[in-house]
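Below is one structure, written out as structure tokens; the observations come after it.
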Amino acid sequence: MNLILLGAPGAGKGTQAEIICNKLGIPAISTGNIIREALKNQTPLGLQAKSYMDSGDLVPDTIIIGIIKERLAQDDCKEGFILDGVPRTVPQAEALDEMGVVIDKVIDIEVADADIIKRLSGRRVCESCGSSYHVHYNPPVNEGVCNACGGKLITRKDDQPETIRERLNVYHTQTEPLKDYYAKTGKLKIVQGQEELSETTKLTLAALEA
Ligand code: ADP
Ligand code: ZN
């Protein structure tokens, strides 16, 4: 099963991707996590992406397409994969089509902008493995510590209020058109994001089976 998770930043794509990944045994691929890892290791990719990311803008399509080509060529993607945060523009979606990647389902998690702002400001991510938490909605067992790996939880630089507004803006203008793109293929399933994480999971799993 080849899946795409669509939705605004903070809609809960990453969290649902991890759950589906464990359930179906296919890798969840987050371009955001790949770029953050590159940044941490100060690779050429990381250095190129930094300024875009810090200001809440998209990293150029050519860079993203290169990343995704390389990642999907790896062995663990043979039985399927979940794309989280990619494609994020129409040219990225077209590039996947041109690569011959067949997408089975696209799940769009819908959340109102006001709720996104509340969520992102409380988001914390693991510095080591990228798992994400929320101070109210999904707190770790021990404050500031990752359940999965014991790493330190931090606030992302792009989760600052002004940057959140810019990311929402970018989402509405550049990413939202993908809903139409995939609706035309009949693969789009819409899930209304719920305040309770587990409720969103139920709806997401139901959409996978529908
Ligand atoms: P979120 O979904 O919370 O906005 P991500 O972790 O998916 O965050 O991405 C963080 C940042 O990484 C984005 O704001 C953007 O700068 C960059 N990025 C990640 N994926 C893509 C992509 N597919 N296309 C362009 N930029 C991307
Ligand atoms: Zn961790």
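Values in this text are rule-based calculations from the coordinates and carry no lab data. All values derive from a computational prediction rather than experimental measurement. As a convention, Cβ positions derive from the backbone with ideal geometry for all residues, glycine included, and neighbour counts pool all protein chains shown.
Identify the residue in the stretch 148-195 that is within 16 Å of ligand 2 (Cβ to nearest atom) and crowded, with 16+ Cβ neighbours inside 10 Å and, among all such residues, is farthest from residue 90 (Cα to Cα). Show your work before the answer.
Narrowing the stretch 148-195 to residues within 16 Å of ligand 2 (Cβ to nearest atom): 148-156.
Still in the running and crowded, with 16+ Cβ neighbours inside 10 Å: 151, 153, 156.
Values: 151: 35, 153: 33, 156: 26 Å.
If we take residues in the stretch 148-195 being within 16 Å of ligand 2 (Cβ to nearest atom) and crowded, with 16+ Cβ neighbours inside 10 Å, then 151 is farthest from residue 90 (Cα to Cα).
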Restricting the stretch 57-78 to residues that are part of a helix (DSSP H, G or I) and acidic (Asp, Glu), the one surrounded by the most Cβ atoms within 10 Å (Cβ to Cβ) turns out to be 61
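Return yes when residue 94 is more than 16 Å from ligand 2 (Cβ to nearest atom) and not small (Gly, Ala, Ser) and no when it is not. Reasoning before the result, please.
Values: more than 16 Å from ligand 2 (Cβ to nearest atom): yes; not small (Gly, Ala, Ser): yes.
For residue 94, the condition - more than 16 Å from ligand 2 (Cβ to nearest atom) and not small (Gly, Ala, Ser) - is met.
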I need the full set of residues from the stretch 80-109 which are surrounded by fewer than 14 Cβ atoms within 10 Å (Cβ to Cβ) and within 18 Å of residue 208 (Cβ to Cβ), in order please. 102, 104
Segments classed as helices (runs of 4 or more DSSP H), wholly inside the stretch 100-210, with at least 1 members that are under 17 Å from the mean Cα position of the chain (by Cα), among the aliphatic types (A, V, I, L, M) and over 13 Å from residue 8 (Cβ atoms): 197-209
Assess whether residue 201 counts as being touching a helix residue (DSSP H, G or I) at 6+ places or on another chain (Cβ under 8 Å) and farther than 22 Å from residue 34 by Cβ. yes
List every residue pair whose Cβ atoms lie under 8 Å apart, where the two residues are 6 or more positions apart in sequence or sit on different chains, the first residue falls within the stretch 82-107 and is on the phi > 0 side of the Ramachandran plot, and the second residue, located anywhere, is of a type outside the set (Val, Ile, Thr). 85/5; 85/13; 85/14; 85/30; 85/32
